[in-house]
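Only one structure is covered here, and it is reproduced in the block below.
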Amino acid sequence: MGNLVVVGVDGSTSSLAAVEVAAGEAQRRGAELRVVHAFSWPVRPMYAPLDPSPLNRVVHEAAQLARRMAPDVEVAEAVVTGNAVAVLEAESRVAGLVVVGARGTGGFIGMLLGSTAVSLAAHSQCPVMVVRGEPAGYGPIVLAVDGSSAGEKAIAFAFAEAALR
């Protein structure tokens, strides 16, 4: 795991709450923050090139929020082509923590297909923090384990989180 916090953004209120939490987590850990937006190309052929401005704006505005929340944290921005879960799973290979909001812009169809947060939690190579609602800044660390070696890593992570707080 690297000294990097990655936050997935899509412009939703939930993802902006995740940015606030991720900025605080990066600051707490003395880590860098990487703000990432993943997008998939449309299925139909396009006759005009895709204008990346709206995508870049989503990421830039989220990064600016992170810089306001944690001015001492180095913040990088990235717009990456691909499915959100696949992109964030790839990011998790070099991150110490991935942060996402509980709900994105997918709406009802997103709920039918399964959420990014749930899928990412199953496939990530590092711990995943799912931000639900407004960040409180306090609360218990909750841990569930199953006796596996992965559970031992979860125990170590939970105690490290408690120590950070």
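Coordinate-derived values only; no laboratory data. These numbers were taken from a predicted model, which means no experiment stands behind them. Every residue, glycine as well, gets a Cβ built from its backbone with ideal geometry; the counts of neighbours run over all protein chains shown.
Please compute the net charge surrounding Leu120, taking Lys and Arg as +1 and Asp and Glu as -1 over other residues with Cβ under 11 Å from its Cβ.
Neighbourhood net charge equals -2.
Karplus couplings for the stretch 24-34 from phi (6.51 cos²θ - 1.76 cosθ + 1.60, θ = phi - 60°), rounded to Hz, Gly and Pro as x?
Per residue, the Karplus-derived 3J(HN,Hα) values read x, 5, 4, 5, 4, 8, x, 10, 7, 10, 10 Hz.
Using mean Cβ contacts within 10 Å as the protection proxy, how do 65-74, 19-28, 123-132, 141-150 order, highest first?
19-28, 123-132, 65-74, 141-150
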